[in-house]
Amino acid sequence: MTADAQRRRAVGHILLLAAGLLVLTAISAGSVHLVNNAREDARAVQRTLEVENQISLVQLQLRRAESAQRGYLATLRPDFQTDFEQAISELTPALTKLSQLITNNPVQRRLINEMMPLYEQRIQEFRTTNELARSKRMSDAAKIVREGIGRDTMKHIDDLAGRMRAEEDRLFVERTTNADRSQTLAASITGIGSG
């Protein structure tokens, strides 16, 4: 073999090694990128689950307050008033956290903005009826409860919460699909790279 042929052969080997290195680098970079995407998609799925849990927590605290209010109206026992105040004190931070979790979703922001005055209205009604009962004006407190405004407000809150859950369910499906796709692509590229 001539020196020129050996040189061409050596250059060919170097080019093949360089091409192999470029392919491995591209596969590694693609794999890292897809793993990062999969991690971000998993975080998005987790955020969706957090929002759904927070919606449930907010509704639970409001129901606790409603139950304590009814207990207080029926018995005038101070422990029901204490339960009411505790539920209300836990409701405000729960609402704040829910608002923070949904800041990047315009659909959810619109729904929470519609919901907030309803919560305030319901809490004010609870406080009004409790105060009337405390001052021995039971017939006035009962009249407010009988009017059913609070029931209608709760129905509206439940409807809005249901719509928020439906939006999170839609996002859950979308985000889970994206996470699965990212993980599958990352595994495929890693497998190809190993091959």
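Coordinate-derived values only; no laboratory data. Since the structure is predicted, the reported quantities are computational estimates derived from the model, not experimental observations. Counting neighbours? That spans all protein chains shown, and the Cβs are built from the backbone with ideal geometry, glycine included.
In region 51-67, which residues have a backbone nitrogen under 18 Å from the label point lying 7 Å from Val173's Cα in the Cα-to-Cβ direction?
Inside the label zone: 52.
By counting other Cβ atoms within 10 Å of each Cβ, how are Leu160, Leu22, Leu91 ranked from fewest to most?
Ascending Cβ contact count within 10 Å gives the list Leu22, Leu160, Leu91.
Quick check on the exposure proxy: order Ile144, Ile123, Ile192, Ile102 from fewest to most C-beta atoms within 10 angstrom.
By the 10 Å Cβ count, ascending: Ile192, Ile144, Ile123, Ile102.
Of Leu34, Ser99, Ser135, which is farthest towards the positive pole of the chain's charge dipole, taken about the Cα centre with +1 and -1 on the beta-carbons of Lys, Arg and Asp, Glu respectively?
The listed residue farthest towards the positive side: Leu34.
If r is the Cβ-Cβ distance from Met116 to Ala26 and R0 is 30 Å, what FRET efficiency results, to the nearest 0.05?
Approximately 0.05, to the nearest 0.05.
For Lys97 and Ala187, what does the FRET efficiency come to when R0 = 30 Å and r is the distance between their Cβ atoms, rounded to the nearest 0.05?
FRET efficiency, Lys97 to Ala187: 0.30.
What is the magnitude of the charge dipole of the chain about its Cα centre, with +1 placed on the Cβ of each Lys and Arg, -1 on the Cβ of each Asp and Glu, and no other charges, expressed in debye to the nearest 20?
The calculation lands at about 240 debye.
Taking the mean number of other Cβ atoms within 10 Å as a proxy for protection, how do you rank 167-176, 57-66 from highest to lowest?
Packing proxy ranking, top to bottom: 57-66, 167-176.
With 10 angstrom as the radius, rank Ser28, Ser182 by how many other C-beta atoms surround their C-beta, starting from the fewest.
Ser28, Ser182
How much length would be gained if the chain were fully extended between Asp152 and Asn53, taking 0.36 nm per residue of separation minus their Cα-Cα distance, in nm to one decimal?
Here the segment from Asp152 to Asn53 would lengthen by 33.3 nm.
What are the ³J(HN,Hα) couplings of region 94-103, residue after residue, when phi is run through the Karplus curve with 6.51, -1.76, 1.60 and θ = phi - 60°? Round to Hz, x for glycine and proline.
Taking θ as phi minus 60°, the curve returns 5, 5, 4, 5, 4, 4, 5, 5, 9, 4 Hz for region 94-103.
Suppose each label sits 7 Å from its Cα in the direction of the beta carbon; what would the Ala5-Gln46 distance come out to in nanometres?
6.2 nm
Can you give the calculated 222 nm mean residue ellipticity of the chain, where each DSSP H run of n ≥ 4 adds -39,500 (n - 2.57) and the sum is split over every residue, rounded to the nearest 500 deg cm²/dmol?
-34500 deg cm²/dmol
Please find the FRET efficiency linking Arg137 to Gln86, where r is the Cβ-Cβ separation and R0 is fixed at 30 Å, and quote it to the nearest 0.05.
My answer for the efficiency is 0.75.
From the phi angles alone, apply the Karplus equation (6.51, -1.76, 1.60; θ = phi - 60°) to region 10-25 and give each ³J(HN,Hα) in whole Hz, x where the residue is Gly or Pro.
5, 4, x, 5, 5, 5, 5, 4, 5, 5, x, 5, 4, 5, 4, 5
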